[in-house]
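One structure below.
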Amino acid sequence: FVSLMALPQMTEERRTFVAEQRATLYHPSSYLVSTLVVRLPLLALVCLPNALIEYWAWKLDPVFCFFNFAFFSVLHMCVSFVTEALTLSIAFSTESNTLGWALGVYAQALLLLWSGGFIRVVSMPFLFKLLSLLSVHKWALEGSLLTFLPGKCYELEERGEGLCPEIVTGRTVDGETVLNRVFHAGKFPFASSQSAALLAFLCLFILQLSIFSGAIKRLLRGLSELPPKGPHASDKAHREIPPSPAPSSEGSPAVEVQASGVAGALGGMETDGQRRQGGAGGFMGTLRGGVDGQTK
């Protein structure tokens with residue numbers, strides 16, 4: 001759920017990515033690699049304090065064991081890496097923050113239900129057993145159980161689930177018995193070993209990255225149908241404009257027609273001016289003749 005808190009920021013990053021892709025500033029694979037290089041080390045640094053606090057608060061080991069603490073920290077990092085890839089996939093699959101939040105919360109809720117922490121995986125229908133293989137919480141829980149339960153001895157306040165009276169010596173029970181009778185270790189789909197849990201995390205991380213890559217490809221296909229924008233768009237548009245034909249010495253028919261039309265208009269204006277001048281001359285002659293007659 002901590003990874004989902006970065007969903008609004010990733011949505012804004014998606015808009016920046018779209019603008020930069022329309023301007024063809026870099027290849028999408030460069031963005032994918034740079035995102036992982038920047039985010040994963042930061043997530044690892046955030047996970048270390050959390051793992052340290054939980055390790056000492058829960059008293060997972062009576063005496064500090066570096067191997068157990070290191071493996072517990074690696075489990076924290078694996079959960080963060082897979083959920084971060086899931087958040088990236090959601091952010092690049094939808095433009096709405098509300099829809100992204102809903103998808104993220106529902107996905108995390110389903111993964112928690114299939115983890116085996118609320119309902120034993122062996123008690124689920126077979127289809128849900130298969131779906132539980134996609135839960136990062138399941139592999140983190142089983143990896144922790146395989147790390148900290150063996151070799152321990154636990155006191156019981158009362159007979160727990162799956163623990164028959166004949167396997168309880170007094171009021172104590174060993175960790176291997178809890179694994180086999182309560183969590184049904186060794187049966188499908190429980191993790192067979194610690195390395196199997198890490199391998200499952202790797203497969204889930206690759207699956208989420210493939211979903212993220214598919215979301216980017218769908219986004220780029222949608223951008224290819226839009227007109228280009230950015231600093232290179234004007235150059236491309238300029239290249240697509242056909243060059244105008246060079247003027248010839250003979251002149252084109254359209255230019256000749258236009259020139260003849262202008263000359264005709266000028267000629268008409270000149271004829272009208274001559275008519276106005278002739279009319280004015282006749283009027284002045286008549287006026288001058290009348291004045292001379294009155295004088296005489």
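The values are calculated or read from the model by the stated rules, or taken from the named source; none is laboratory data. Keep in mind the model is a prediction, meaning the values are calculated, not measured. Cβ placement follows ideal geometry from the backbone for every residue including glycine, while neighbour counts extend to all protein chains displayed. Side chains are part of the model used for accessible areas, which takes the heavy atoms of the whole protein and leaves out ligands, DNA and RNA. Shrake-Rupley method; radii C 1.70, N 1.55, O 1.52, S 1.80 Å.
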Subject >> Accessible surface, region 45-92, averaged per residue in Å² (probe 1.4 Å) >> reply: 50
Subject >> Rel. contact order, % - alpha carbon contacts under 8 angstrom, at least six apart, region 1-83 >> reply: 34
**OP:** Just the number, please: carbon plus sulfur as a percent of the accessible area of region 33-139, 1.4 Å probe, no ligands or DNA/RNA counted.
**Re:** 79
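Among 138-150, 60-72, 195-207, how do they line up by average Cβ neighbours within 10 Å per residue, starting with the highest?
Numbers: 138-150: 21.1, 60-72: 13.3, 195-207: 16.8.
With the highest mean Cβ count within 10 Å placed first, the list reads 138-150, 195-207, 60-72.
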